[in-house]
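The values are calculated or read from the model by the stated rules, or taken from the named source; none is laboratory data. Treat the numbers as computed from the prediction; the structure is a model and nothing was measured. Cβ: placed from backbone, ideal geometry, glycine included. Neighbour counts: every protein chain shown. Heavy atoms of the whole protein, side chains included, go into the accessibility calculation; ligands, DNA and RNA do not. Shrake-Rupley method; radii C 1.70, N 1.55, O 1.52, S 1.80 Å.
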Amino acid sequence: MSRFVFATAQYTSGDWESAPSLPANLIDSLVRYTDIEVAPAGVNVRLDSEELLSHPFVWLTGHLPVRFTDAERRNLQRYVERGGFLVIDDHNHDINGGFHKTALEEIERTFGRMTRLPATHELYRAFFVFENGPPATHHELNGWGDDLVHPYLDAVLVEGRIGLLYSSKDYSSEWDFHPESKRFMSEDVTRFGVNLMVYALTR
């Protein structure tokens, strides 16, 4: 099996590079907690490129409104239908914000309405166990953004498997720090990121 490479989605609109430290942090977590062989650095991959299809896991985030081109939309459909796992995370944590509104419009235009994942979904037990579903972020708990704790994640399912996961929780802010900072934490907040990557690699 070839080494896992963390991929960040590069799209034409918006600010796709808004969480520059997140890839290194999740790579570090995968190395710390699993035996999965991981490339030491992530890559940026265009949504309209053939390269996208070679990555089992892709992270997409941003603050600004996002509009996919026709080519990006077609390739994203191919990616999800062929077994890829794309995570789209709102870096604003704001359901009234431009990213959230436009991202949902693009997802529904491309795939139709999403399914709300129950807290019992296997994603929350793919490696670490999260009994209550997706863990809350500090931004939610501290009232930043829309001042809401979002208890669920939504997904595009392909034959029961998650092909696209949408988050309003702003894990992009939660996980955008230098990995060395983990030694000062009472609990590593990136553990749910491990579940996401393990799910993508094993389902």
In the range 20-38, the residues that are open to solvent by less than 10 Å² (accessible area, probe 1.4 Å) and more than 16 Å from ALA200 (Cα to Cα): LEU22, ASN25
Only listed residue being more than 23 Å from ASP28 (Cβ to Cβ) and in contact (Cβ under 8 Å) with a residue 24 or more places away in the chain, chosen from LEU165, LEU148, LEU123, LEU141: LEU148
Subset of the range 184-197 (residues that are more than 12 Å from SER29 (Cα to Cα) and not hydrophobic (A, V, I, L, M, F, W, C)): SER186, GLU187
Where a residue in the range 173-190 is without any contact (Cβ under 8 Å) to a residue 40 or more places away in the chain and its partner, wherever it lies, is of a type outside the set (Ser, Thr, Tyr) and in a helix (DSSP H, G or I), with Cβ under 8 Å and at least six apart: GLU174/HIS138; GLU174/HIS139
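Residues are listed down the side, and each one gets a yes or a no for (1) open to solvent by 50 Å² or more (accessible area, probe 1.4 Å); (2) over 16 Å from the mean Cα position of the chain (by Cα); (3) at pLDDT below 95; (4) more than 24 Å from TYR33 (Cβ to Cβ):
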residue: PHE99; (1), (2), (3), (4): no, no, no, yes
residue: ALA119; (1), (2), (3), (4): no, yes, no, no
residue: GLU131; (1), (2), (3), (4): yes, yes, no, no
residue: PRO134; (1), (2), (3), (4): no, no, no, no
residue: ASP146; (1), (2), (3), (4): no, yes, yes, yes
residue: LEU153; (1), (2), (3), (4): no, no, no, no
residue: ARG161; (1), (2), (3), (4): no, no, no, no
residue: SER167; (1), (2), (3), (4): no, no, no, no
residue: TRP175; (1), (2), (3), (4): no, no, no, no
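Yes or no, residue by residue, for (1) closer than 24 Å to LEU141 by Cβ; (2) open to solvent by 10 Å² or more (accessible area, probe 1.4 Å):
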{"residue": "LEU53", "(1), (2)": "no, yes"}
{"residue": "PHE57", "(1), (2)": "no, no"}
{"residue": "HIS63", "(1), (2)": "yes, yes"}
{"residue": "THR69", "(1), (2)": "no, yes"}
{"residue": "GLU72", "(1), (2)": "no, no"}
{"residue": "VAL80", "(1), (2)": "no, no"}
{"residue": "GLY84", "(1), (2)": "no, no"}
{"residue": "VAL87", "(1), (2)": "yes, no"}
{"residue": "ASN92", "(1), (2)": "yes, yes"}
Unmet requirement for LEU104, which otherwise passes all of (1) over 24 Å from VAL198 (Cβ atoms); (2) open to solvent by 80 Å² or more (accessible area, probe 1.4 Å); (3) not acidic (Asp, Glu): (2)
